[in-house]
Amino acid sequence: MTVNAILAVEESAPETARALLGAMLEKGVVDALLVPWQLPAEDSVAPVLIHDPARLAEARVWSPVMPINAARAVSNLTATGNKPRLGAVLRPCEIRALVELVKLEQAALDNTLIIGLDCPGAYTVADYAELKRDGIDPTAELLSQAADASMTPHQGYQFRQGCRICERPVPEGAHVAVTLGLFGLEEGQMMVSASDGVAQTLELEEAGEPAGRRAAVNRLITARIQARDAAFAEFRERVGDVEGLLAEFSTCIRCHNCMINCPICYCKECIFRTATFDHASDVYYRWADRKGVVRMLPDTTLFHLTRLNHMVTSCIGCGVCTDVCPSDIPVATIFRTVGEKTQAIFDYTPGLNLEDEIPLAVFREDELGGLGERDSHQFQVVP
Amino acid sequence: MAQFEPRIIAFLCNWCTYTGADLAGTSRLQYPPNVRIIRLMCSGGLDPVYVLKSVVEGADGVLIVGCHPGDCHYQSGNYKARRRFAILQSTLDMMGFEPDRVWLRWISASEGRYFADTVTQMVEFLKEKGPSPLKGVGAI
């Protein structure tokens, strides 16, 4: 059972949230917290692990910046060994990534409390730093729009690409123990929904679901779905054939940032970082002989096509890949567009719940009946 | 002008399909020589990267063959191959490459004739379709 409580916000919602997190540590709801924390230069916020409530002073819940998908941090903190009870403050896309990682056996939730946030959107790390250095308070700006969830970025700036097309801005699922909500609430209010046990310890009183919340959230989701579908359509138009495909990755420099920062790409040894692609010198000359020209170093298109085939069914659309691409390739749009179709084959929504099985980890004897049969190339066996 | 000869890379599973291809050979069944066979222990052991490498290198067609569903030597390898193939088809389609150049077929050890017919069918199909759009582009 969940308790929906409304807390009065005195100074600011982030401050109220911080006090609540402090109470969680002090009252033993959790032994440690993974929480966004302002770095000393004050122009960025990164997740930190805290044991001591006194160090929560620099915690900054709802700062619109995401330098890493914190699901990776939760994976590091829960994958092995004995762990104390961890409270992880996460955005919805980080929660979705964590759900996939749990199913991929790279993280564990048995001693973890997920504290989800209504997500107002985020700027790139560079944009956030610039705004802060210019003396702007990006958090306060966005939170002031939370009542009707209109979510417009600062004049002259855009949200991250992943955020612009994100249609799941609120935490979902039974695995989310606590939600800190802002959408649809009146000025001076913050919502906390928590499971019974936690609510009791924190002395939260049932106040019912805030009246304006559902409408506000739906309005935001509708706007985002429109943006998402427009992005998908634009991609399909642009990459409809081989020329389009090659052009899309023409500026890729093989830094592998997208793969390294993707929360779902968990392989400790990606094939593209192994000796498989360390060819002997004479091999390149032979290829050049046969093909006329060989890009040095080769296999750029192969890298992206392979990464798609390996992980697109679990892509939760956080968009960190686009953030970190030095060539501004819209990797998030590519993966989400291809993801829409491939996930639909199995009726799978990544990150939604722990019960749905990873498409590549299971199979059914009775499915995809047309594939492999005589003459199957003559029909569109896959939508 | 010389007729275009398609180049097909075929991934055959050891137990059913490769044996079926052997049967075609020992039975002296004629089929076009355009296919380059790569033997795996199981179709379930085929990582999409190998199919994609063939595609990117300009193979006109790729043939993935395994045991019939229910007959996999390792119980479930072909079921996994089937799922991976579905995703592969979808990604190839979305990324501008014609998905009907990559075929999945179930061919058993006793189906030597069917193997020969499949290769013949694919060569004819590809001759009509023309060379891979990635030909000449190289692995860039």
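Here, each number is a calculation from the coordinates, and none is a lab measurement. The structure displayed is predicted, hence computed values, not measured ones. When we count neighbours, we look across all protein chains shown, and the Cβ atoms used for this are built from the backbone with ideal geometry, even at glycine.
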> Other chains' Cβ within 10 Å of A:304-317 residues: what's the mean?
Replying inline: 4
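Using DSSP to call loops (not H, G, I, E or B), can you name the chymotrypsin sites (Phe, Trp or Tyr not before Pro) in the range A:330-383 whose Cβ has at most 13 other Cβ atoms within 10 angstrom?
Passing both the DSSP loop test and the Cβ count: A:Phe379.
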>> Could you compute the net charge surrounding A:Asn76? Neighbours are other residues with a C-beta less than 13 Å from the C-beta of A:Asn76; K and R count +1, D and E count -1.
In response: +3
>> Under 5 Å between amide hydrogens, which residues at least 5 positions from A:Val48 or on another chain qualify, with H placed 1.01 Å from N in the peptide plane?
In response: A:Val35, A:Trp37
>> Give the residue list of trypsin sites (Lys or Arg not before Pro) in the range A:299-369 that are DSSP loop and have at most 14 other beta-carbon atoms within 10 angstrom.
In response: A:Arg364
> On a 0 to 90 degree scale, rounded to 10, what angle separates helix A:300-311 from the longest Cα axis of chain A?
Replying inline: 50
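Taking the radius of gyration and the Kirkwood hydrodynamic radius from Cα positions alone, what is the Rg/Rh ratio for the range A:2-228, to two decimal places? Show your work: numbers first, answer last.
Values: Rg = 16.5 Å, Rh = 17.7 Å.
Answer for the range A:2-228: 0.94.
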>> Given N residues in the range A:257-305, what is its alpha carbon radius of gyration divided by 2.2 N^0.38 Å?
In response: 1.40
> Could you give P(r) for the range A:253-371, binned at 5 Å from zero, as whole percent values over all Cα-Cα pairs?
Replying inline: 2, 10, 17, 18, 16, 13, 11, 8, 4, 1, 0
>> Taking only Cα atoms of the range B:8-129, what ratio of Rg to Rh do you get with Rh as the Kirkwood inverse-distance radius?
In response: 0.95
> DSSP loop trypsin sites (Lys or Arg not before Pro) in the range B:20-69 with at most 14 other Cβ atoms within 10 Å of their Cβ, which ones?
Replying inline: B:Arg28
> Expressed as an acute angle from 0 to 90° and rounded to the nearest 10, what is the orientation of the C-alpha long axis of helix A:281-291 relative to the principal long axis of chain A?
Replying inline: 70
> Using 7 Å Cα-to-Cβ label points, what is the A:Ala215/A:Val362 separation (nm, one decimal)?
Replying inline: 4.0
> For the pair A:Glu167 and A:Ala23, how long in nm is the line joining their label points, each one 7 Å along Cα→Cβ?
Replying inline: 3.7
> Separation of the range A:355-381 and the range A:101-148 by C-alpha centroid, Å?
Replying inline: 38
>> Roughly how far apart, in whole Å, are the Cα centres of the range A:64-79 and the range A:1-31?
In response: 21
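Hey, what's the Kirkwood Rh for the protein assembly as shown if you take every pair of different alpha carbons, in angstrom? Don't skip to the answer; put the middle values down first.
Working: mean 1/r = 0.0395 Å⁻¹.
Every distinct Cα pair counted, the radius reaches 25.3 Å.
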> Could you give the distance between the Cα centres of the range A:205-239 and the range A:247-286, to the whole Å?
Replying inline: 35
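Which whole number gives the average count of other chain Cβ atoms within 10 Å of the Cβ atoms across peptide A:284-293?
Values: counts 0, 0, 0, 3, 1, 0, 2, 8, 2, 4.
Averaged over the peptide's residues, the number is 2.
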>> Going 7 Å from the Cα of A:Asn82 along its beta-carbon direction, which residues of the range A:97-112 have the amide nitrogen within less than 16 Å of the resulting point?
In response: A:111
> When DSSP assigns beta bridges and you keep just the ones with both residues in the range A:1-160, what percent turn out antiparallel, to the nearest 5?
Replying inline: 45
>> Given points 7 Å out from each Cα along the Cα-Cβ axis, report the B:Ile38 to A:Ile136 separation in nanometres with one decimal.
In response: 5.1
> So what's the angle, to the nearest 10 degrees on a 0 to 90 scale, between helix A:213-238 and the longest Cα principal axis of chain A?
Replying inline: 10
